[in-house]
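Data block below; observations after.
A short reminder: the numbers here are calculations on the coordinates, not readings from a lab. Since this is a predicted model, take the numbers as computed values, not measurements. Using ideal geometry, Cβ is built from the backbone for each residue, glycine included, and neighbour counts are taken over all protein chains shown.
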Amino acid sequence: MDGITIALPKGRLLEPSLGILREAEVWDGEAPTTDGLVFERDGVRIIVIRDDDVATYVATGAADMGIVGKDVLLEQKKDVVEIGDLGVGVCRLVVAAPKGFRGPPRPVLRVASKYASLAEEFLSRKGCPFQVIKVHGSTELAPSMGLADAIVDLVQTGKTLERNGLVEVEEILRSSARLIVNPASYTMKQGAVATLVSSIIAAATAATSAEGERE
C-alpha cells in the first residue's frame, strides 16, 4: 500500500474518530496523550493535531486524509474532497446570549466567536448592525467579561452555556465529523485511498446502525 497519512483532531472528536479507525482495523491502540506522530502500521501513519489545522494539513497534502467537523470545513472553506458523514461528534452551532437578554446597550451587536466567517454570514442575513470579535477559546466567558453581547459557538448538551448564565437564542447549523481527502491524493494514491475510505465508511456506518439499534 502507498504510504497514507491520516490527520485526526485533538479534543472532542479524537476518541470517536479512533473508535471508527479501530473498527476499520486501521488503529489498535488507546487515545494518544501527546500531539504528533502516534501510530504507524502497514504504510498508514496517524497524526493528532489541532482541529483547526486538520483541513489545512489535508488541503496542502501534508496529510492525505483527515477527520474534521463540518463546522470547521464550512468556516475554513479549504480545497479538500469531502467523502462522507461519519455520524459521530454531532453538535450544533448556535447563537447564545445571557438570560433575559433584550438587545445590546449600543447600536451595534458585538458577537464573540471562533467561527468568525460563519457568524458574519449568519448575522448578515439577519440584517442587523454587528461586530464579530474573533476568539480562539473560552468563548462562553465573553458576555460576562464585557467582551461581547452574545456568542456563536458549538454546543452538545448545553451545560457549558448554562454554567455561564447563557441561553440558546437560535441554531445556525448542525455539525458532525466528516472524512476528507486531499484532491491530489484522491487521484495519485487512488488504490490506497479507496481501500481506507471503504473500510472507514463501512466502520462508521456499522457503528451508527448499532447505536440506532441500542436506542
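Here is how the numbers come out for the structure above:
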item: Cα lying deepest toward the dipole's positive end in the chain, options Ala204, Phe122, Pro105, charges on Cβ; result: Pro105
item: For the chain, built as a Gaussian network whose Cα springs stay under 10 Å, the top-fluctuating residue of Ile133, Ile180, Ile46; result: Ile133
item: Residue with peak Gaussian network fluctuation, the chain [Cα springs, cutoff 10 Å], from Val48, Val169, Val88; result: Val169
item: Cβ-placed point charges (K, R +1; D, E -1), dipole of segment 91-174 about Cα centre in debye, nearest 20; result: 80
item: Overall form of the chain per C-alpha gyration tensor (a/c, 1.5; a/b vs b/c); result: prolate
item: Helix runs (DSSP H) in the chain reaching 30 Å along axis by Cα, Kyte-Doolittle at least -0.5; result: 190-214
item: Distance between segment 1-68 and segment 72-145 - C-alpha centres, whole angstrom; result: 27
item: Considering only segment 91-174, percent of DSSP beta bridges that pair antiparallel, nearest 5; result: 60
item: Set of segment 128-143 residues, backbone N closer than 16 Å to the point 7 Å along the Cα-Cβ line of Arg106; result: 129-135, 142-143
item: Charge tally in the Cβ shell below 14 Å around Glu30, where Lys, Arg are +1 and Asp, Glu are -1, Glu30 excluded; result: -1
item: Linear extension gain, Ile83 paired with Asp28, 0.36 nm per residue minus alpha-carbon span; result: 17.5 nm
item: Cα gyration tensor category, rounded, prolate or oblate, for segment 91-174 with a/c compared to 1.5; result: rounded
item: Candidate lysines for bridging to Lys114, where Cα separation is under 17 Å - those fewer than 8 sequence places away on the same chain excluded; result: Lys10, Lys70, Lys77, Lys78, Lys134
item: Sparsely packed chymotrypsin sites (Phe, Trp or Tyr not before Pro) within segment 88-175, loop by DSSP, other Cβ within 10 Å at most 14; result: Phe101
item: Electrostatic dipole magnitude of the chain [Cβ: Lys, Arg +1; Asp, Glu -1; Cα centre; debye, to 20]; result: 900
item: Modelled FRET efficiency - R0 45 Å, Thr60 with Ser144, Cβ distances, 0.05 increments; result: 0.75
item: Selection from Thr60, Val88, Val167 lying farthest towards where the dipole of the chain points positive, charges on Cβ; result: Val167
item: Packing-based exposure ordering (other Cβ within 10 Å, fewest first) of Thr187, Thr5, Thr160; result: Thr187, Thr160, Thr5
item: Summed residue charge, Cβ within 15 Å of Pro129's Cβ, Lys/Arg positive, Asp/Glu negative; result: +2
item: Global form of segment 20-91, assessed from the alpha-carbon gyration tensor, a/c cut-off 1.5; result: prolate
item: Charge dipole (debye, nearest 20) of segment 21-138; +1 at Cβ of Lys and Arg, -1 at Cβ of Asp and Glu; result: 1220
